[in-house]
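Okay, so here's the structure we're looking at.
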Amino acid sequence: MKIAVIGAGLMGRAALYDVTNAEGVETGAVFDIDGSLAAEVATKYGNEKTVSGQLDASSEEAVYNVLKDYDSCISCVTYKYNPVITKAAIRANCHMVDLGGNNDVVNSQLEMDTEAKEAGVIIVPDCGLAPGMVSVLTADGITKFDKVDSVKIRVGGLPQSPRPPLNYQMVFSAEGLINEYWEPCVVLENGQKKVVNPMTAIEDLSFDGIGELEAFYTSGGTSTLPDTYENKIPFLDYKTIRYPGHCAMFKPMLEIGLASRQPITVGDQQVEPRMLLKSVLDKNLSSSDLDLVLVRVTLEGKKDGNDKKVTYEIIDRQASKESLTAMMRTTSFPAAIIAWMAAAGHIEKRGCQPQELVVNPSIFLTQLKKRGINLTIRAE
C-alpha cells in the first residue's frame, strides 16, 4: 500500500516516520509547499523507499494529481486546508485522515459524506490526540458498560521540567493553543449539548510520578463526541491539563484582548493583537526541553446492575532530545494508524465519518502498543 503525508512540519515528520515503518506499506511519501523541506524530511524520517515533492495544499487540482497514486493520506497541515484536501481525496479515490482542530471545518467535511460513499473511500477528520485518540478510547470504554453516565476526558502536553512563570512550552502551534484557550467549548450536560467558556471550571488532579496538576475547559477536544452521544450519555466533557497556576496567569492576557484579530493602532502601524501574542509565545515559550503527554479518560456507569468505573491512562515521555517528542508521537501516530487501517482494509465503512463510529478500537489499541505508547486500563 502507498500512504502520503501532506505537510512536513513536526506532526508530518512523525506521521511519515510511522507510515514508513508500518506493516505492508510499500511507499511512504511527504509533500509540502516547501519542496526542499519535504526532501529533507523524507531523508531524515523516511527510508530508502520514501518519496517527496512540492505541493500547494490550497489547490484541489494539485492535491488530486498527487493523491490519485496513493491508497491513503494524512493531512498534517493547518485545518483550513482540510476541506480542499477532502474534496481532492474523494476525487482521487484515496482514503484520508487529518489532525483537525476546528469544529466548523470538521462539519464541512462531514457534509461530504455522500460523495465519499459514492467514491468508496473513508474520510476521518480530527484524528490527532485530542481531538483524536481520546474519541477511540471513549468508544472502547462505552462497550464495557450497559449504561454510561459520564465521560471525563483530561489531556495535556507539558514540559518534563517546567519553567516559571507559565510552566509551559510550545508543543504545537501557537495559533492552535490560542484557539483552544479562546474558542467556546461543547460538552454534554443532562444528555444535551451545551456551550461553556474556555479556561473555566478549574479542577485539581494528579498523576503518579508527575504530582499535582490542574485542568480546565478548552475547545475542540470533544470533537464530534457530543453529536454522536447526545441523548445517549448524560455527561461528557473535556479539559486540558497544565501545571498548577497556569490558567490564572494566562487567562487575563486573553481577557484584555491579546487573542483578538481586530487590528489596533500602534504608532503609525496597524497590529493584530493575536499575531503579536503568537510571536511572543513562539519566541519565549519555544524550547527543546523534553516533553510529556498525559491522557486520562474516565467513564462511569452501570454494568449488570452494579456501579462501574473504567479509567484509560497514558503517560508518554520524550526519551531524549534526538527522539520524537511525546506530542509528536501521541498526535501523529494515532492519525497514521487510522490511515494505515483504512489502506489495509481494516475500516469497512465508507463516507465522511467520526472515528468513534468507524475505527475498530481493538485493532487501534494493538497498534498503539506496538508503537510503545503504553495505555493502562483500570476497572473498578
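The values are calculated or read from the model by the stated rules, or taken from the named source; none is laboratory data. Keep in mind the model is a prediction, meaning the values are calculated, not measured. Glycine gets a Cβ as well: all are built from the backbone with ideal geometry, and neighbour counts include every protein chain shown.
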message: Cβ-Cβ distance below 8 Å, separation of 6 or more or different chains: which pairs start in region 288-299 with a residue that is under 15 Å from LEU10 (Cα atoms) and end on one that is of a type in the set (A, V, I, L, M, F, W, C) and assigned to a strand (DSSP E or B)?
response: ASP291/LEU158
- request: Please find, within region 267-317, the residue that is surrounded by the most Cβ atoms within 10 Å (Cβ to Cβ) out of those that are under 30 Å from GLY209 (Cβ atoms) and small (Gly, Ala, Ser).
  value: GLY301
- prompt: Do you know which residues across region 203-233 are in contact with a Cys (Cβ under 8 Å, 6 or more places away or on another chain) and over 19 Å from GLY100 (Cβ atoms)?
  reply: GLU214, PHE216
- prompt: Does region 38-54 contain at least one residue that is surrounded by fewer than 16 Cβ atoms within 10 Å (Cβ to Cβ), among the β-branched types (Val, Ile, Thr) and either out of contact with any strand residue (DSSP E or B) (no Cβ under 8 Å at 6 or more places or on another chain) or farther than 24 Å from ARG350 by Cβ (or both)?
  reply: yes
- prompt: Out of curiosity, is MET11 buried (at least 21 other Cβ atoms within 10 Å of the Cβ) and out of contact with any Phe, Trp or Tyr (no Cβ under 8 Å at 6 or more places or on another chain)?
  reply: no
task: Could you tell me whether any residue of region 114-124 is in a strand (DSSP E or B), in contact (Cβ under 8 Å) with a residue 40 or more places away in the chain and touching a Ser or Thr at 6+ places or on another chain (Cβ under 6 Å)?
output: yes
task: Among what's in region 165-194 and is more than 17 Å from the chain's Cα centre (by Cα) and in a loop (DSSP other than H, G, I, E, B), pick the residue that is nearest to TYR217 (Cα to Cα).
output: PRO184
message: For region 196-243, give me each residue that is among the hydroxyl-bearing types (Ser, Thr, Tyr), closer than 23 Å to GLY128 by Cα and not in a loop (DSSP other than H, G, I, E, B).
response: TYR217, THR228, TYR229, TYR238, THR240
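For every residue, the table says whether it meets (1) without any contact (Cβ under 8 Å) to a residue 60 or more places away in the chain; (2) in the same structural domain as GLU175 (by TED's automatic domain parsing); (3) over 20 Å from the mean Cα position of the chain (by Cα).
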| site | (1), (2), (3) |
| --- | --- |
| GLY7 | no, no, no |
| LEU16 | yes, no, no |
| ASN21 | yes, no, yes |
| ALA42 | yes, no, yes |
| THR50 | yes, no, yes |
| LEU67 | no, no, yes |
statement: Going through region 168-210 in order, the residues found to be at pLDDT below 95, surrounded by 13 or more Cβ atoms within 10 Å (Cβ to Cβ) and small (Gly, Ala, Ser) are SER173, ALA174, GLY176
query: So which of GLU300, GLU322 ends up being farther than 23 Å from LYS144 by Cβ and either acidic (Asp, Glu) or assigned to a strand (DSSP E or B) (or both)?
result: GLU322
- request: Tell me which residues, restricted to region 80-105, are outside any loop (DSSP other than H, G, I, E, B), within 20 Å of the chain's Cα centre (by Cα) and surrounded by fewer than 24 Cβ atoms within 10 Å (Cβ to Cβ).
  value: LYS80, TYR81, PRO83, VAL84, ASN103, ASP104, VAL105
- request: Residue by residue through region 140-164, note down the ones that are surrounded by 17 or more Cβ atoms within 10 Å (Cβ to Cβ), in contact with a Lys or Arg (Cβ under 7 Å, 6 or more places away or on another chain) and not in a strand (DSSP E or B).
  value: PHE145
